[in-house]
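A.B. asks: Quick one: structure below, then a few questions.
The values are calculated or read from the model by the stated rules, or taken from the named source; none is laboratory data. Since we're looking at a predicted model, the values are computed, not measured. Every residue, glycine among them, receives a Cβ derived from its backbone with ideal geometry; neighbour counts consider all protein chains shown.
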Amino acid sequence: MKRLYVLVLLLSLPFFAISQSLDELNKPIIGELDEVTTFSEGVAAVRKGDQWGFIDTEGKLVIDFRGDLVSNKDGDTSQLGVEGISRPHFKEGLCLIKVMNEEGIPRYGFMDSKGKTVIEPEFLNLSQFENGLAVGIYEKSTPRGKNQFQLNIYDYTFTEVVINKEGDMLWPIQERQNIVMSKKMYKLPELHAKMLAKDLLAIKGKDNNWKVVKPQLNNK
């Protein structure tokens, strides 16, 4: 036992002799982070405060910290849309982003791996891409004049659609109703459709029953 103790001590001496401190040994490449996620498609999301960025496998910050990346602390992964995104990440080369309009209602789009917006945030909800396709709720507003307070009044139509990575709307799924465009009353509309395969779509109707259809997509 005595010889074993001496051997362990001798083996450990070189390590402690060359190391001034553990902090110096573990000098951060990037520090003062509040959260670090796992890698997906070669990058990992990191958070400072309420802003997120991305690092590569060398620890280099490749997308600077920004406040428009989609995350939900208690994200429900059973949901089809943005409410299922717990932390920012890339899928099929794209990451969800969010902007708030002047009424305080969020719109969603996508950025690429360089942080460039490639699908403008103009959807009220979006799924992630599967086989190059995603489902979103597109909002179209038509000015109708002003009210007694001289505030703009709009007529709205909402359509659930299939989009490609260029943001082209390839297929209308169904019109959506009962979406109130008022900050105080607004509630994120759930997606009622999902891509099952490249040319196969599942749709939930007004009766909450699902049907499977084969849309004729002219995908680029």
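A.B. asks: Do you know which of the residues in segment 64-80 that are within 25 Å of ASN131 (Cβ to Cβ), modelled with pLDDT of 95 or more and in contact with a strand residue (DSSP E or B) (Cβ under 6 Å, 6 or more places away or on another chain) is surrounded by the most Cβ atoms within 10 Å (Cβ to Cβ)?
C.D. replies: For segment 64-80, the residue satisfying everything is VAL70.
A.B. asks: So which residues in segment 155-206 are in a loop (DSSP other than H, G, I, E, B), in contact (Cβ under 8 Å) with a residue 60 or more places away in the chain and not hydrophobic (A, V, I, L, M, F, W, C)?
C.D. replies: Scanning segment 155-206 gives LYS165, SER182, LYS183, TYR186, PRO189, GLU190, LYS198.
A.B. asks: Residues being more than 21 Å from GLY81 (Cα to Cα), part of a loop (DSSP other than H, G, I, E, B) and not polar (S, T, N, Q): count how many of those fall in segment 51-70.
C.D. replies: Final tally of qualifying residues: 4.
A.B. asks: Here are VAL161, VAL118: which of them is under 19 Å from LYS91 (Cα atoms) and either of a type in the set (Val, Ile, Thr) or surrounded by fewer than 15 Cβ atoms within 10 Å (Cβ to Cβ) (or both)?
C.D. replies: VAL118
A.B. asks: List, please: which pairs have Cβ atoms under 8 Å, are six or more places apart or on different chains, and start with a residue in segment 28-44 that is under 17 Å from ASP112 (Cβ atoms) and end with one that is of a type in the set (Lys, Arg) and surrounded by 11 or more Cβ atoms within 10 Å (Cβ to Cβ)?
C.D. replies: From residues that are under 17 Å from ASP112 (Cβ atoms), the pairs are SER40/LYS91; GLU41/LYS91.
Residue by residue, here is whether (1) among the aliphatic types (A, V, I, L, M); (2) modelled with pLDDT of 95 or more; (3) out of contact with any strand residue (DSSP E or B) (no Cβ under 6 Å at 6 or more places or on another chain); (4) not assigned by TED's automatic domain parsing to the domain that holds LYS194 holds:
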| residue | (1), (2), (3), (4) |
| --- | --- |
| HIS89 | no, yes, no, no |
| VAL99 | yes, yes, no, no |
| ASP112 | no, yes, no, no |
| SER127 | no, yes, no, no |
| GLY136 | no, yes, no, no |
| THR142 | no, no, no, no |
| ASP168 | no, yes, yes, no |
| TRP171 | no, yes, no, no |
| GLN174 | no, yes, no, no |
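A.B. asks: Find the strands (runs of 3 or more DSSP E) located wholly in segment 88-149 whose residues include 3 or more that are more than 13 Å from the chain's Cα centre (by Cα), and list them.
C.D. replies: Where strands (runs of 3 or more DSSP E) fall fully within segment 88-149 and carry at least 3 residues being more than 13 Å from the chain's Cα centre (by Cα), they are 117-126, 133-146.
A.B. asks: Related question: Just for segment 121-138: of the residues that are more than 13 Å from PRO106 (Cβ to Cβ) and not small (Gly, Ala, Ser), which one is surrounded by the fewest Cβ atoms within 10 Å (Cβ to Cβ)?
C.D. replies: Among those residues, the one meeting the criterion is ASN131.
A.B. asks: Do you know which residues across segment 50-82 are more than 15 Å from the chain's Cα centre (by Cα) and of a type in the set (A, V, I, L, M)?
C.D. replies: ILE55, LEU61, VAL62
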